[in-house]
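Shown next, in structure tokens, is the structure this report addresses.
No value in this document is a laboratory result; all are computed from the given coordinates. What you see is a predicted model; the values in this text were computed from it and never measured. Cβ placement follows ideal geometry from the backbone for every residue including glycine, while neighbour counts extend to all protein chains displayed.
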């Protein structure tokens, strides 16, 4: 199994916490692959909700008279449960539109479930291309986005200007961030792992510099009042996003310095360049050792 695809099949070990602050939370208990999973839905105001399970990517939902827009749709076996959570809020199931922030299975796995119920799936061109070229066992034709875009896509719905912006060579080569302008809420997709070492999919077109640039783009959109929904981890602020930038920039500098000095991967690992980040940023999926390996592989490819 390639590391690039591990995030799909290893979603059950993603230990991203589901922190909700403010608003009201609804919990929907479900069983997924033999384990109990809870869909937590947090009202953020302006018709927008954050939805989390702790085992896959965080979702955003905009509701109103114009229909619902859902940002990402989690795993292939959680579609019914996500739909149930939406019904609890809106009284209706399938959203009118779904936006995929990138192609990984813990963010697009519910595409088929919802498209078969009438949802229109929108995504960057590269997401459809990657799904077509590297199909997974859970995929069907209904998984593929039917609406694709290049640099950006904007929805004008339910009193919100929803700006979907492509960020190149970041987490993958098909990432988008989504800004609900009037509500001042930003969904970063997997260009932010709040308080966690990030997964940077080098084989999927991602890069360390592009990931940093993507986070910086988020900071440029945000202000001190912006609420940020990360791809994984708790609801965040612009200060949290800046902390992620500072960590990754420093971590990359340390590893690149060792590589430029002639160190191979074993030597870089032995030097423990991220030791002081371990306690705060290490987690089950992207351990400190794995983060060092990603930074090393990125550095030798530059």
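Values computed for the structure shown
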{"read-out": "C-alpha long axis of helix 208-221 to longest principal axis of the chain, angle in °", "value": "50"}
{"read-out": "Listed residues 73, 173, 279, most fluctuating in the chain (Gaussian network, C-alpha, under 10 Å)", "value": "279"}
{"read-out": "Separation between Cα centres of the range 43-122 and the range 143-199, rounded to whole Å", "value": "14"}
{"read-out": "Estimated [θ] at 222 nm from DSSP helical runs (n ≥ 4, -39500 (n - 2.57)) normalised by residues in the chain, nearest 500", "value": "-9500 deg cm²/dmol"}
{"read-out": "Cα-based helix-to-principal-axis angle, 79-90 vs the chain, degrees rounded to 10", "value": "60"}
{"read-out": "Candidates 113, 278, 166, ranked by Gaussian network fluctuation over the chain, Cα under 10 Å, top entry", "value": "278"}
{"read-out": "Length-normalised contact order for the chain - Cα pairs under 8 Å, 6+ apart - percent", "value": "14"}
{"read-out": "Whether the range 3-244 is rounded, prolate or oblate, judged on the alpha carbon gyration tensor where a/c under 1.5 counts as rounded", "value": "rounded"}
{"read-out": "Burial ordering of 196, 131, fewest other beta-carbon atoms within 10 Å first", "value": "131, 196"}
{"read-out": "Sequence-separation-based contact order of the range 121-166, relative, with Cα cut under 8 Å and 6+ spacing, percent", "value": "40"}
{"read-out": "Among 140, 237, 176, residue whose mean-square fluctuation peaks in a GNM of the chain (springs only between Cα atoms under 10 Å)", "value": "140"}
{"read-out": "Rounded FRET efficiency, nearest 0.05, which uses the C-beta distance separating residue 90 from residue 161 and R0 of 30 Å", "value": "0.90"}
{"read-out": "Residue 264 paired with residue 136, simple spin-label distance in nm, labels 7 Å along Cα-to-beta-carbon", "value": "3.4"}
{"read-out": "Principal semi-axes in Å for the range 59-172 [√(5λ), Cα gyration tensor, largest first]", "value": "21, 18, 11"}
{"read-out": "Tilt relative to the chain, helix 288-301 - C-alpha long axis, 0 to 90 degrees, to 10", "value": "80"}
